[in-house]
Amino acid sequence: MLLLDRIAARDEKALRLLYDDTASRLYGLALRILGNKAWAEDVLQDSFVAIWHKAGSYRDSLSPPLAWMGLLVRSRALDFLRRRRAERLDQHAVVDDMDDLPQAEDAQSPMQWAEASEQATVLHQCMDRLQQAQRQVVSLAYLRDLSHSELASHFQLPLGTVKTWMRRSLEQLRKCMARHV
């Protein structure tokens, strides 16, 4: 992605453009993992600082830009949760009943976080089993919400090829995920 190349060259305007283009999706990812709006905002900010520092290490041959940034956000969010957990353990706070803890309206339980993290890890492993071109098609379809025709145009492929890749890739992902559930 051209913006990541410009960011690697320390172009602040490119970072702002990338932020404007991707922040809402990356914030949504952080919010799903953390279940807290303020925490998600903090993780998003930390993630864009990491993107600024790590843009030079991005390799488009390994993953689409949004997938790479999504992994950074996911890692930062999980690290945030681990730090919060460690802080609570350091305080030696004993809670008899988890139901008595105040919860945000959209907060997930620790079990849901663990399950989501496990599912994300399995999905990542299953995605790695797809051919690179098919992995990119699936990633862009779901991370950027692109239609089949938009994908065909983006990759300069026939529409039928994109539809076939999507169908076969999703079936392969379903089978892979089913083995790990």
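The values are calculated or read from the model by the stated rules, or taken from the named source; none is laboratory data. As the structure is a computational prediction, the values presented were derived from the model and not from experiment. As a convention, Cβ positions derive from the backbone with ideal geometry for all residues, glycine included, and neighbour counts pool all protein chains shown. These area figures cover heavy atoms from the full protein model, side chains too; ligands, DNA and RNA do not enter into them. Shrake-Rupley method; radii C 1.70, N 1.55, O 1.52, S 1.80 Å.
Overview of values
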{"item": "Selection count where residues are closer than 20 Å to ARG84 by Cβ and in a helix (DSSP H, G or I), scope region 29-57", "result": "19"}
{"item": "Scope region 158-177; condition among the aliphatic types (A, V, I, L, M) and farther than 14 Å from ASP128 by Cα; matching residues", "result": "LEU159, VAL162, MET166"}
{"item": "Single unsatisfied condition, MET98 versus (1) touching a Gly at 6+ places or on another chain (Cβ under 9 Å); (2) modelled with pLDDT under 85", "result": "(1)"}
{"item": "Failed condition for LEU66, given (1) in a helix (DSSP H, G or I); (2) of a type outside the set (Gly, Ala, Ser); (3) free of Cβ contacts under 8 Å to residues at least 60 places away in the same chain", "result": "(3)"}
{"item": "Residues that are farther than 17 Å from ASP5 by Cβ and either open to solvent by 60 Å² or more (accessible area, probe 1.4 Å) or touching a Pro at 6+ places or on another chain (Cβ under 6 Å) (or both), drawn from region 40-78", "result": "GLU41, ASP42, GLN45, ASP46, VAL49, LEU71"}
{"item": "Hits in region 140-151 - residues which are part of a helix (DSSP H, G or I), open to solvent by less than 80 Å² (accessible area, probe 1.4 Å) and closer than 28 Å to VAL73 by Cα", "result": "LEU140, ALA141, LEU143, HIS148, LEU151"}
{"item": "Top-ranked residue of region 125-139 - restricted to ones that are within 25 Å of GLY28 (Cα to Cα) and in contact with a Leu (Cβ under 8 Å, 6 or more places away or on another chain), ranked as surrounded by the fewest Cβ atoms within 10 Å (Cβ to Cβ)", "result": "MET127"}
